[in-house]
Structures are given as structure tokens and as C-alpha cells.
Amino acid sequence: MKTLKICILRIEGTNCELETSLAFKRLGASAEIVHLKQLIGAVKEQERRNLMDYDVLVIPGGFSSGDYVRAGAILAARIKGTLGEEIADFIDTGKPVLGICNGFQVLVEMGLLPGFVPDEKPGMQQVALTTNDSARFECRPTLIKHECKGKCMFTRGIEKGSILKMPCAHAEGKFFIAERKREEYIQWLEENDQIVFRYVDPEGNYAPYPWNPNGSIYNIAGICNPEGNILGLMPHPERAFYAFLDSEWSRMARGRRKEKGEEKEDIYGGGEKIFESALKSILKKGL
């Protein structure tokens, strides 16, 4: 089996690079945390890296460049200004790109998500991830329902309608569409099978705050591009790789043992499914 190479991008202010790297490594991939300077050649020759040598690009969570101007805006501008052609070539080959939290914000700022612009200049920003309705930083468990029918490379192994639990941690996570474009864009997202995750309550219903932690339009928690090889989501799958990372794991595990006896438990959490699906999709596609 081919050992897939994962590039996890780092600059000042990003975080969760290590957790994301470990998630891929635990599934057999080769993951490397790479600074933006290494990809643009602003380092010693032996430290340089070529983006096309990797099979997956991940832009992790955090507060890149302190989230000055807007969350993700500075990193997006730096990538477009220094790696624009390389990123375009990477995506055009069908290789997957994952943006988690701040990474989702970067992909939106770059215009790579949602990625439909039939009547506008390519690369223009069409939506926004803006300040939470609560006007504060939200760090809480979230439940997200898988809505995609199979287009997204990162969720093809996840049954449609499945509900995954993973934490969010952001101050600017509200998925927003300007009112004049809202109805049209939501229709495009649905018709293109680009809505990947939506926030729900424990019964699986689309619900407001606190289940929708930021007030996102249409309860959107994650979307992909029309081709399905770029995914952005606000919750953190790398923080839900194992079941025991859930804050309620001990209580739930005791309840299950009491009801069903000492049967073997699934050690993985909802986040693991996203990383596993991505690797399987790449291997199946032969990229």
C-alpha cells in the first residue's frame, strides 16, 4: 500500500498541528508539519519542501497571524501571494485539501470555498465566517449531521445522516451569506451536494444556540467545493479522534457496560472517520 504524505501547514498562531499530524499517522500515513516559509523557499535549501510532493494539504486550526484584520485573512493573503499557482495545480490534480476551524476561514477568504462563481471572477470570496451571534468565543461540544451524498472525499466512508460529536473553539465561526445572494447560494450548495455537515441537537433536529454555537446560516458547519476535494469545517475532528477524548466518555462508557455487559467498545470518536475516509478515497482514486 502506498504511504500517503500529508502536509500540515504552520505559521505563527496556528495550533493543533501535532494532533492533526498524529491523527493521520495513527492511520498509517506519513504526516509532516511544514512551515509556509519551507514551501515558498524562504529557508535553507535542506529545509525546503515542494507542495506537489504531498498527497493531502491540511490548514489546521488556531489564530494565524493573531487573526488580525479578520480570522484567516492574513494567512489567506500570504498563501495567494506566494503559493497561488502551486495551490491551484495541487487542487486541479484532484488532491484533497482540508481546512479545520481557522483553516476553514482561510479557504473561505481565498475563495476556494464554496468555489462556485459562474458570474464572478474566479477566486473571489462568496461567503464569510464571521463573529458568533453570542459575540464571544465558543468552546463547546457540537453535534453535526452528515448531509453529503458522496461527493466529499473526506466523508465518503460516513453514512449520510450520521451524527458526529466533536468540539468547536472559535469566535468567528458563523457561516454567513449576504441576504441578496442567500437563497441562490443555498440552492447551489444543495444542488451541488456541497453541504457536508450541519449543526443539530441530540435528537438530530436543526436547532439554534447552543446546538448551533455561532448562528450559522442554515446551520452549516462544513462545506466542500463542487469537485468534492476541498473540505472546510468549524468543529475539530482531530480533537475527537478517540472516543475517550469526549468529556462525557467515562459516564457514557459506564452506562453502556451496565446495559450491555463488558462487550468491546469502539475506541474511535467521530473525528477519526473524517481522516480515515480521506485516506481511503485517495487510495481508491489512485492519486
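Rule-based calculations on the coordinates, nothing more; no lab input. Everything quoted here is computed from the prediction, not taken from an experiment. Positions of Cβ are backbone-derived with ideal geometry, glycine not excepted, and every protein chain shown enters the neighbour counts.
Numbers below:
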{"quantity": "Lys/Arg +1, Asp/Glu -1 at C-beta; the chain dipole; positive extreme among V97, S247, I59", "calculated": "S247"}
{"quantity": "Lysine pairs with alpha-carbon atoms under 14 Å apart, the range 1-100, spacing 8 or more or separate chains", "calculated": "4"}
{"quantity": "The range 5-285 pair-distance distribution - Cα-Cα, 10 Å bins, rounded %", "calculated": "7, 30, 38, 19, 5, 1"}
{"quantity": "DSSP-defined antiparallel bridges as percent of all bridges, the range 5-285, nearest 5", "calculated": "60"}
{"quantity": "Value at 222 nm in deg cm²/dmol, rounded to 500, when DSSP H runs of n ≥ 4 in the chain each add -39,500 (n - 2.57)", "calculated": "-9000 deg cm²/dmol"}
{"quantity": "Protection proxy ranking of 45-52, 75-82, 230-237 - average other beta-carbon atoms within 10 Å, highest first", "calculated": "230-237, 75-82, 45-52"}
{"quantity": "Ranked S277, S216, criterion: other C-beta atoms within 10 Å, fewest first", "calculated": "S277, S216"}
{"quantity": "Ranking of R198, R180 by count of other Cβ atoms within 10 Å, fewest first", "calculated": "R180, R198"}
{"quantity": "Lys, Arg +1 and Asp, Glu -1 on Cβ, resulting dipole of the range 1-150 about Cα centre, debye, nearest 20", "calculated": "360"}
{"quantity": "Among F176, Q194, L18 - extreme Cα towards positive end, dipole of the range 5-285, charges at beta-carbon", "calculated": "L18"}
